[in-house]
1. Does C:PRO11 satisfy the condition of being closer than 26 Å to C:VAL302 by Cβ and at pLDDT below 65?
2. Considering only the stretch A:25-46, state which residues are closer than 26 Å to A:PRO251 by Cβ and of a type in the set (A, V, I, L, M).
3. If B:GLY255 satisfies all but one of (1) more than 10 Å from every other protein chain (Cβ to nearest Cβ); (2) within 30 Å of B:GLY116 (Cβ to Cβ); (3) not basic (Lys, Arg), what's the number of the condition it fails?
4. What are the residues in the stretch B:110-130 that are within 14 Å of chain C (Cβ to nearest Cβ) and assigned to a helix (DSSP H, G or I), if any?
5. I'm told A:ALA307 meets every condition in (1) without any contact (Cβ under 8 Å) to a residue 60 or more places away in the chain; (2) over 30 Å from A:VAL214 (Cβ atoms); (3) under 23 Å from the mean Cα position of the chain (by Cα) except one. Can you identify the failing condition by its number?
6. Taking the criterion of being surrounded by 12 or more Cβ atoms within 10 Å (Cβ to Cβ), closer than 23 Å to A:PHE42 by Cα, in contact with a His (Cβ under 9 Å, 6 or more places away or on another chain) and not aliphatic (A, V, I, L, M), would at least one residue in the stretch A:252-262 satisfy it?
7. Which of the following residues is in contact with a His (Cβ under 9 Å, 6 or more places away or on another chain) and at pLDDT 85 or above: A:LEU146, A:LEU127, A:LEU120?
8. State the number of residues belonging to the stretch B:241-271 that are of a type outside the set (Asp, Glu) and within 19 Å of C:PHE167 (Cα to Cα).
Amino acid sequence: MTVREEPGPFGTVGRPLLEVRDLATHFFTRAGVVKAVDGVSFDVHVGQVLGIVGESGSGKSVMGYSLLGLVDPPGRIVAGSIGFEGRELTTLAPEELRAIRGRRIAMVFQDATATLNPVLSVGTQMLLAARAHERTKGRGVRALCLETLAKVGIPDPVSRFKAFPHQLSGGMRQRVAIAIALLHRPALIIADEPTTALDVSVQAQIIHEMRELVRMSGTAMMWITHDLATVSSLADDILVMYAGKVVEAGPTRAILKAPRHPYTKGLLDSVPSRNPRGVDLPQIRGSTPSLLDLPQGCPFAPRCHAASPACDVAPLPETDGGRIVRCHHPRGLAA
Amino acid sequence: MLGFIIQRLLQAALVMLAMSALVFVGVYAIGNPIDVIISPDATQDVRAQAIARYGLDRPIWEQYFIFLGNLLRGDLGRSFLFGMPVLDLILSRLPATLELALIAVLAATLVGVPLGIYSGYRPESPISKAIMAVSILGFSVPTFWIGLILILTFAVWLGWLPAGSRGPTRELFGIQWSFLTLEGWTYLALPALNLSLFKFAMMVRLARAGTREIMLGDTVKFARATGLSDGSILRRHVLKLISIPIVTVFGLEFGSTLAFAVVTETIFSWPGVGKLIIDAINSLDRPVMVAYLVLVAALFVTINVLVDLVYALLDPRLRPGAKA
Amino acid sequence: MSHPSLDAPVPAAGIESAALGTAVPATPSHTTSAAVTPVRAAWREFKENRIALGALSVVFLIIALAVAAPWITPQNPYDIGSLSLMDARRPPGYVGSEGYTHWLGTDASGRDLLSAILYGLRISIQMGLMAGLVGLVIGTTLGMVAAYRGGRIETVIMRVVDLQLSFPAILLALVLVALLGQGKTQLIAALVAAQYAYFARTAYGAASAERRKDYVEAALAVPLGGSRIVFRHILPNVTPPLIVVATVQIANSISLEATLSFLGLGLPVTEPSLGMLIANGFQYMMSGRYWISIYPGIALIVLIVAINLVGDQVRDQFNPRLKR
């Protein structure tokens with residue numbers, strides 16, 4: 001089930017970089033089993049920017065963690081496969097997985113204030129990350145770090161190198177985190193809401209810079225966010241998640257122009273910039289379901305205006321010319 | 001940085017002033033102050049003389065200033081029991097307690113912290129659970145009981161170690177220390193062990209709680225995502241983050257051990273400051289009691305200031321530095 | 001300057017790491033699920049931990065035995081007339097002059113150890129509960145007043161509390177007993193003074209966290225009456241962490257009282273508490289008559305450890321951060 005059928009920006013059509021099939025990650029808590037990720041499948045190709053959109057509780061972050069095996073107990077991957085550069089990540093030995101983390105797949109988190117250790121200097125943390133993998137031991141490491149800091153747009157890298165995280169602004173800190181992710185020139189970067197915690201102006205800057213960075217280096221990127229607006233300018237393709245499942249996927253432009261799933265439509269409609277002034281913002285009625293207590297059938301049905309008795313049965317994903325939708329009554333198609 | 005130090009010192013001085021006033025009021029309000037200076041079995045004449053000489057017929061605030069003045073000059077009165085100036089008495093006993101307290105707290109930290117970190121790293125392992133079980137015992141069981149058991153086991157049944165008093169000493173910096181002699185260590189072993197068990201339990205729990213929380217946090221997740229091994233993470237990230245509260249506890253515990261060694265010193269007949277205060281309380285040697293209180297207060301204030309300084313050294317966020 | 005606080009039942013300074021989190025066990029919001037009351041749910045969760053359940057039963061058993069002591073013991077150890085020196089220092093199993101077996105032996109005054117232990121447990125539990133309760137009331141009131149009133153009152157109260165938290169409890173208790181003399185009320189006063197600070201700090205932390213919440217601000221804006229807010233809203237949220245501290249402090253009071261008695265500063269000789277029994281037997285340990293100290297000691301340990309185990313479980317339950 002590949003999202004892309006036409007050649008991508010680098011002309012790749014064939015084997016995807018990342019192949020996720022029926023991934024399921026469940027949390028076994030006191031209160032019950034939380035199915036955070038429940039059967040997710042998608043591909044990422046070399047150089048592609050894939051936007052993953054969903055509200056909190058949709059499972060998007062957990063999915064990101066699952067790819068790198070960073071899910072903390074009581075959660076764990078219970079089913080599915082993750083194919084990366086020809087290897088199966090779910091069955092890899094810990095040492096081999098560690099070799100991939102940071103080197104082939106890197107991750108950037110939401111809040112750099114929390115991800116950077118406050119008691120270690122920026123330089124120390126970069127050196128640690130740089131030296132984590134065999135190949136980069138030696139003298140040139142420091143030069144590499146400084147070079148990468150410059151690449152992400154940090155002025156005067158030498159003095160920033162010696163500084164501590166709290167001495168930098170929020171935007172700078174996140175740039176440091178991105179620099180750390182870029183150190184080993186990974187093939188894929190997973191960015192989990194990297195701009196959510198930043199000021200709007202800085203947000204725009206960073207989005208722009210990252211777009212340029214990945215385009216220049218040919219790195220693939222998964223941009224996880226709840227904000228459709230950010231993703232629209234950045235991603236080649238979009239994946240919409242709800243209650244642990246993919247409900248819609250396809251090229252960005254197509255989805256923005258003609259969303260098929262009622263949820264996607266609802267998300268688009270509630271973006272302020274798309275609405276005239278002075279009118280109440282349309283909202284999706286109801287709230288996200290508790291993942292402990294999912295209804296039978298389509299999880300979105302209770303909030304969906306197009307729901308019908310047919311929705312008591314969980315819909316299966318249907319492919320149609322590069323787009324996927326999981327709905328009994330997709331918009332714009334005969335239902 | 002200098003401003004910071006001066007500020008802390010000023011605060012410390014203020015607290016000392018308040019403490020001295022408190023002690024003064026306590027003695028004045030609770031007992032007959034004359035009993036602090038003169039033994040209760042002195043004759044009427046001697047009492048009258050003392051009252052006049054020490055100005056006890058003067059108004060309170062004047063007396064307080066006399067008290068303060070004496071304090072600053074180092075005159076803390078004379079002990080009823082020993083007849084010597086209290087300051088000399090306390091100073092002569094201090095080294096014994098110092099070495100005991102230092103060894104106990106050091107041992108507790110050096111053993112307890114690594115065990116606690118391991119326990120926080122692998123909370124479900126059987127070793128971990130065993131460590132926690134021992135730590136609960138270390139907490140709950142009163143120190144004097146552990147001392148009893150230690151004596152019973154090592155001194156009475158096994159006969160390996162002596163049951164009390166301090167070993168031979170050697171001099172360093174003009175003071176006699178018993179840890180400088182090999183035999184001195186056999187005498188130090190049991191009381192130090194006794195004192196350290198409680199601190200050990202505390203360090204283990206502190207390290208474990210801290211490690212667990214850090215391991216579940218974002219910093220560690222990010223570090224893992226960069227491919228760092230768990231070993232490196234524990235050594236470079238967790239240890240550094242945990243060192244701040246541990247150092248704080250170390251300082252505070254050292255201070256409280258110096259005072260708390262009372263029980264251990266009694267059981268093991270260790271000639272330190274703790275035994276001094278117990279004997280003083282039992283024989284109502286009030287000058288010693290008052291002086292002890294003031295000195296302990298001074299000690300705590302000093303340690304607090306030192307801990308603050310070390311804190312600032314370890315946590316770059318607390319250093320008065322300019323934001324970039 | 002505030003020190004980091006330890007999120008564990010520790011009778012030491014309120015310390016916690018700035019790098020780690022909040023000062024007191026975080027309070028869960030006051031919610032009631034439709035079908036099961038929070039008390040029932042808490043009890044159900046408690047039962048799952050077998051060790052804690054076992055500990056709780058032990059505690060109840062001990063309390064029952066202690067309460068029933070006057071009826072089930074063959075001898076009243078306080079009645080000096082009923083003691084016979086002929087029976088002194090006899091080993092366990094000895095049949096005494098009164099014709100009954102001394103299951104645990106006798107002490108130096110001829111007291112049947114089993115009876116003495118049960119009566120001693122009475123005192124321990126009494127003291128622990130009284131000190132705990134009084135400390136709870138005083139500390140909670142102080143803490144909540146500080147949180148509610150804010151401003152100068154808050155600073156003053158909390159500074160004093162902080163200062164006291166860094167002082168070792170035993171030292172404070174020692175000094176107070178020395179100054180106030182011996183007796184039940186004085187002892188309780190000393191115990192309370194040494195421990196109210198923990199209650200105060202916990203209550204303050206929970207209350208001020210709650211006070212800052214929007215709904216309290218809103219309620220205060222409307223003249224609904226302060227006490228109503230306090231009782232209906234703040235109190236339910238302050239209660240869980242207080243329960244945790246209370247269990248720990250009761251265990252600590254028992255331990256502290258035993259220590260003081262051991263040092264000879266507790267209750268009068270005629271009403272021997274466990275600590276005094278142990279102290280009396282100390283000198284006989286060397287000559288092999290271990291039972292005089294050991295059995296009272298074991299009784300004491302079992303009581304304290306059991307209470308601490310219960311307290312541990314209660315604390316884990318009320319800490320939402322550990323909820324999986």
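The values are calculated or read from the model by the stated rules, or taken from the named source; none is laboratory data. Just so you know, these numbers come straight off a predicted model, no measurement behind them. Neighbour counts are summed over all protein chains in view; Cβ atoms, including those assigned to glycine, are modelled from backbone coordinates with ideal geometry.
1. Details: closer than 26 Å to C:VAL302 by Cβ: yes; at pLDDT below 65: yes.
So C:PRO11 fits the description; yes.
2. Going through the stretch A:25-46, the residues closer than 26 Å to A:PRO251 by Cβ turn out to be A:37-46.
Once the filter is applied, which keeps residues that are closer than 26 Å to A:PRO251 by Cβ and of a type in the set (A, V, I, L, M), the stretch A:25-46 yields A:VAL37, A:VAL40, A:VAL44, A:VAL46.
3. Status for B:GLY255: all satisfied but (1).
4. From the stretch B:110-130, those within 14 Å of chain C (Cβ to nearest Cβ) are B:112-113, B:116-117, B:119-120, B:123-124, B:129-130; that's our starting set.
Of everything in the stretch B:110-130, those that are within 14 Å of chain C (Cβ to nearest Cβ) and assigned to a helix (DSSP H, G or I) turn out to be B:GLY112, B:VAL113, B:GLY116, B:ILE117, B:SER119, B:GLY120, B:LYS129, B:ALA130.
5. Of (1) without any contact (Cβ under 8 Å) to a residue 60 or more places away in the chain; (2) over 30 Å from A:VAL214 (Cβ atoms); (3) under 23 Å from the mean Cα position of the chain (by Cα), only one is false for A:ALA307: (3).
6. Checked the stretch A:252-262: at least one residue is surrounded by 12 or more Cβ atoms within 10 Å (Cβ to Cβ), closer than 23 Å to A:PHE42 by Cα, in contact with a His (Cβ under 9 Å, 6 or more places away or on another chain) and not aliphatic (A, V, I, L, M).
7. Details: A:LEU146 fails: in contact with a His (Cβ under 9 Å, 6 or more places away or on another chain); A:LEU127 fails: in contact with a His (Cβ under 9 Å, 6 or more places away or on another chain).
Matching residue, one of A:LEU146, A:LEU127, A:LEU120: A:LEU120.
8. Residues of the stretch B:241-271 of a type outside the set (Asp, Glu): B:241-252, B:254-264, B:266-271.
Then drop every residue that is not within 19 Å of C:PHE167 (Cα to Cα), which leaves B:245-252, B:254-264.
Final tally of qualifying residues: 19.
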